[in-house]
Amino acid sequence: MEKSMYDLIGIGIGPYNLGLAALVDQTDELEAAFFDKTPEFIWHPGMLIEKMDLQVPFVADLATFADPKSPYTFMNYLHEHNRMFPFFFHKHFEVPRQEYNHYLQWVAGQLKELYFGHTVVDVLDKKEADPPHYEVIAEENATGERKFYKAKNIIMGTGSEPLILDGMDGLPNEDVMHSSRYLFEKKHLLKSKDITVVGSGQSALEVFLDLLEEQERQDMKLTLLTRTGGLFQLDKAKFAQEVFTPEYVDYFHQLSFAQRTQALDTLKPLRNGIDPETLTRLYTKLYHKTAGMRDSNVLIQPMTEVKNIKAVEDGYELSCRQWQEEVDYKYKTEKVVLATGYKPHIPDWFLRRFQDQIVWEEEGKFKVNRDYQLEFHDHRNHHLFSLTNLVHSHGAGATNLGLSVHRNVHIINKIAGKSIYKNQEDTTFQQFSMKDYQE
């Protein structure tokens, strides 16, 4: 960590920046370092539910789309762990979440320039220096010692944070929790007589199904409240999946902000749908569970928006609205799991230092160019790249694991000033833009 100047410093070490580090590690062109406040790498520990898989095939690992010969591919992980034949016989393209987490930890354990247990507390813009650069101030959690590091470019991979309901702040974690804490509180949940899951996406169904499979007592009631019109499955059709390609990202990015916002609405089945296998497992479980029974103690209520939550005697009260019938009602429960999604995490230091220096398309949504650089009001050669808060600028694929490699290739090639890794081209059978044919 004694480099005088890094080519890039990554802030946050999730799958996106970890993939970037893995690609940088295999080239001599760039010097990089990555910092994260957590003591070690672990991916969504509260949602590593057994028997749940990723929603993308195994080739969407950290490196394959950029370099299939990389030592950091998932196939090499299988080879090194003597799992090639079991994976071959398993005949399943999607990776179990627990195994994916172990794969990421295996990669992280081999990379030298990852510094866990270091919180980035500030980033200074040294635009008047020669050469212009950023100065990163990182505090070592164990000692409180602060150190300073220079970098020509910053990669902000600060991830996301849970979205919560009004009234949730201050309520006990073991009673009312975001799904990101589910496994930490599962033991307490299973002792309860009444559990309500709120949400309509994959995480909500995974939690609900896991609780249903653990529902051994006849007096335990399980409720699922979803805002959507029903439990709709993810669109896995081949042509629909072509929105997760570089060509579609190119097309989406050149649209106006209003056009991009409208396009995102049309892609909801690809963004918010539930894996068909999860839905099949849930339906099958309910079918077997209800054989010969009048009351399964299971309620699934779609078209219901939960407005807020408050503590009442012997539990919690949810203020709900069935939006199609325009009916408001109260729903009482003992425990609540909120699978209400996430929002981009924008660090305090970023807003403090750069909020007035960059261009915003809308409140909370900064302007990002095609190569994932934030657009500043002044011209600069030292750049700040973002791996988060990109859905509005780069489309539904901004959170897709396969396209994260494509994004990292863009960033590496841009910083290096040449093509270090080949980016995939002409990958779709559909054509999205007609501008080349404009009269």
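No lab work stands behind these numbers, since they all come straight from the coordinates. As the structure is a prediction and not an experimental result, all values here were calculated from the model. Note that each Cβ is placed from the backbone with ideal geometry, even for glycine, and that neighbours are counted across all protein chains shown.
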- Message: Skipping prolines and chain starts, which residues have an amide H placed within reach, meaning under 5 Å, of the one on residue 176, given they are 5 or more residues away or on another chain?
- Response: 336
- A convex hull over the alpha carbons of region 122-233 yields, per residue, a volume in Å³ of 198
- If the chain between residue 265 and residue 50 were fully stretched, how many nm would it gain, using 0.36 nm times the residue separation less the Cα-Cα distance? 74.2 nm
- Message: Counting C-alpha atoms alone, how compact is region 1-136: give Rg to one decimal and Dmax as a whole number, in angstrom.
- Response: 17.1, 59
- Task: Take the Cα of residue 431, step 7 Å along the line toward its Cβ, and report every residue of region 219-248 whose backbone nitrogen sits under 17 Å from that point.
- Result: 247-248
- Query: Going by alpha carbons, how many degrees (0 to 90, nearest 10) lie between the helix axis of 202-214 and the longest principal axis of the chain?
  - Reply: 40
- Could you state, as a whole-number percent, how many of the C-alpha pairs of region 311-373 are farther apart than 16 Å? 69
- Item | Computed over the chain, Cα set: Rg, Dmax in Å | 23.2, 78
- Semi-axes of region 270-365 from the Cα gyration tensor (sqrt of 5 times each eigenvalue, largest first, whole Å) come to 38, 21, 14
- For the chain, what is the mean residue ellipticity at 222 nm derived from helices alone (per DSSP H run of n ≥ 4: -39500 (n - 2.57); sum divided by total residues; nearest 500 deg cm²/dmol)? -8000 deg cm²/dmol
- Query: Given region 184-249 reduced to its alpha-carbon atoms as identical point scatterers, what log10 I(q)/I(0) does the Debye formula return at q = 0.21, 0.23 Å⁻¹?
  - Reply: -0.88, -0.98
- Query: Long-range amide H contacts for residue 235: which residues qualify at under 5 Å (H placed 1.01 Å from N, peptide plane, sequence gap of 5 or more or a different chain)?
  - Reply: 270, 273
- Note on the structure: Note, region 93-98: 3J(HN,Hα) by Karplus (6.51, -1.76, 1.60, θ = phi - 60°), whole Hz, Gly/Pro = x, goes 6, 7, 8, x, 4, 5
- Item | Restricting region 279-367 to GluC sites (Glu not before Pro) in coil, as DSSP defines it, with at most 12 other Cβ within 10 Å | 313, 325, 326, 363
- Query: Out of residues 5 or more away from residue 160 or on other chains, whose amide H comes under 5 Å of its own, with H placed 1.01 Å from N in the peptide plane?
  - Reply: 345
- Message: So for region 1-62, considering every pair of alpha-carbon atoms, how many percent are separated by more than 20 Å?
- Response: 41
- Item | Calculated P(r) tail over 25 Å for region 309-439, as whole % of Cα pairs | 53
- Set the Förster radius R0 to 41 Å, insert the Cβ-Cβ distance between residue 367 and residue 330 as r into 1/(1 + (r/R0)^6), and round the FRET efficiency to 0.05. 0.45
- Query: Counting DSSP beta bridges with both partners in the chain, what percentage is antiparallel, nearest 5?
  - Reply: 55
